[in-house]
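Encoded as structure tokens, the structure appears first; notes follow it.
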Amino acid sequence: MTTAEKVAYLKGLMEGMNIDRESNEGKLFSVIADILNDVALDIEELESDIFDLGEDVDAISDDLSDVEDYLFEDEDEDEYDDDEDYDEYDEDEEPLFFEVTCPACENTITVDEDVVNLGTIQCPNCGEMLEFEFDEDDEEEDD
């Protein structure tokens, strides 16, 4: 039973009880019933608006998903397709870290394999550019 139906039932009870609408109590009950009726109608209108708003949000979400698919389809598909290392990637494999000593300030820093693959970084201590020469033959000899 909706709120509007409950208010209509309440008004019917008031009429069935022969409450005199001219008495103080009758006037009070009548005003309360009218206010409840207005509130019930407002609630129904809000529920309808919320339902429409939900439908609009779903449509916007679907449209946004289509736009994301269009804009990022190349990135999603190519992220690992062309990456030869992806096939060899083992989730249980520990990342490789290297200790590098800056020739200018003699500060030792630890870098991971991704940083070494960049080729150069700036020393965080003195700002000197550090160049890495990484040869895959060196890695195979370590194994």
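With a cut-off of 12 Å between beta carbons, the residues surrounding Cys123 carry a summed charge of -3, where Lys and Arg count +1 and Asp and Glu -1. Amide H to amide H, with H built 1.01 Å from N, Asn107 comes under 5 Å of Cys102, counting only residues 5 or more places away or on other chains.
Ranked from largest to smallest solvent-accessible area, with a 1.4 Å probe on the protein heavy atoms, Tyr70, Tyr9 come out as Tyr70, Tyr9. Accessible-area rank, largest first, for Phe132, Phe29, Phe51: Phe51, Phe29, Phe132, with all protein chains present and a 1.4 angstrom probe.
The values are calculated or read from the model by the stated rules, or taken from the named source; none is laboratory data. Computed from a prediction, not measured in an experiment: that's the story for all the values here. Cβ: placed from backbone, ideal geometry, glycine included. Neighbour counts: every protein chain shown. The accessibility values were calculated without ligands, DNA or RNA, using every heavy atom of the protein model including side chains. Shrake-Rupley method; radii C 1.70, N 1.55, O 1.52, S 1.80 Å.
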